[in-house]
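The values are calculated or read from the model by the stated rules, or taken from the named source; none is laboratory data. What you see is a predicted model, and the numbers here were worked out from it, not measured in a lab. For neighbour counting, all protein chains shown are included, and Cβ atoms are generated from backbone atoms with ideal geometry for every residue, glycine included. All accessible areas refer to the heavy atoms of the entire protein, side chains included, with ligands and DNA or RNA removed. Shrake-Rupley method; radii C 1.70, N 1.55, O 1.52, S 1.80 Å.
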Amino acid sequence: MKMVSKLSLLAAMLVAFPLAAQEVEMADSMRADGKINVLVAIILVVLAGLIGYIVLLDRKARRLEKKLEEKN
Amino acid sequence: MKRNWWKILSVVLLVYTVLAGLLWDVPRLSILNETIRALYFHVPMWFTMVLLFVISGVYSALHLGRWGSAAKTDLFAVSFAHTGVAFGLLGIFSGMIWANYTWGSPWHGDPKQIGSAVSLLIYLAYFVLRASVDNDEQRARLSAAYNIFAFVAMVPLIFIIPRMTSSMHPGNGGNPGFNMYDLDSTMRPVFYPAVIGWMLLGVWITSLRIRLRQIENKLEEYEDGF
């Protein structure tokens, strides 16, 4: 009997937990509208720009290193 | 290209972080709400800073132990400390934005906030010390010794004191650790790659600083030679 009540308590907790969690306000409608993709796109563009800049710096450093090697 | 695989990995992981970090499900928690996603961007700044400071401290120790070229270990130590401070500042400012929404104000006097600000000031003093010594060898040795003290001071300021007092940061002062965030560990598959991606980016930027300084030094050698 005790085992059954423990199990039912566990089951009740498992069922109740997601229900309680659903009440927390999240940006669900923003996701449903697909507007989140705008945000993702903007952040990716910024990230791509910054990384592209670092890549250019990397190549510039490589060019200068080669130039110095040729001098030697 | 073969030697640069880790740079490509860094870019891949960072793009993944943005995509998964903004689009995947996260635990629904009150107060935090969607800001829980800041975990993927704010916390890796600190992890990266600590990694860069560790590497910097190791090179300072190597310098004091006269291991390898003295000029090289000094250059590596100062470059890693420099990028480390940059990541630390990003961590502070991103944390202030997050705190404004979850704690109510940007600066709470939280022990971890104060500890990280103080340790950043300690590291800034490292650069002041370097700028104030003219002799190259003296500057390298003094700053290497100071750098080890700075690292030793950072460990209790960021990792120990906040855990002993009542910090609002998770994992400190009786607060639950990461378990509070990833109840069902939905966040781990994004958080750990994010940390690695940001760390590799930090090392990449530092390597650029080092290479440009080495080019500069070589050019100065040529100028002295003629």
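Key figures
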{"read-out": "Scan of region B:22-38 for residues that are open to solvent by less than 30 Å² (accessible area, probe 1.4 Å) and within 9 Å of another protein chain (Cβ to nearest Cβ), ordered by number", "value": "B:L22, B:V26, B:P27, B:L32"}
{"read-out": "All helices (runs of 4 or more DSSP H) inside region B:62-160 with 2 or more residues being basic (K, R) and under 20 Å from B:R213 (Cβ atoms)", "value": "B:136-155"}
{"read-out": "Matching entry among B:F47, B:F41 (being within 14 Å of chain A (Cβ to nearest Cβ) and in contact (Cβ under 8 Å) with a residue 40 or more places away in the chain)", "value": "B:F41"}
{"read-out": "Any chance B:L19 is within 14 Å of chain A (Cβ to nearest Cβ), within 30 Å of A:V24 (Cβ to Cβ) and either open to solvent by 30 Å² or more (accessible area, probe 1.4 Å) or not in a helix (DSSP H, G or I) (or both)", "value": "yes"}
{"read-out": "Residues of region B:149-166 satisfying the condition of being surrounded by fewer than 18 Cβ atoms within 10 Å (Cβ to Cβ) and closer than 22 Å to B:S60 by Cα", "value": "B:F149, B:V152, B:A153, B:V155, B:P156, B:F159"}
{"read-out": "Number of positions in region B:187-207 that are surrounded by fewer than 20 Cβ atoms within 10 Å (Cβ to Cβ) and not hydrophobic (A, V, I, L, M, F, W, C)", "value": "4"}
{"read-out": "Tally, over region B:36-77, of residues that are closer than 30 Å to B:T17 by Cα and over 19 Å from the mean Cα position of the chain (by Cα)", "value": "2"}
{"read-out": "Evaluation of B:S60 against (1) farther than 29 Å from B:I114 by Cα; (2) open to solvent by less than 10 Å² (accessible area, probe 1.4 Å); (3) hydroxyl-bearing (S, T, Y) (one fails), failing number", "value": "(1)"}
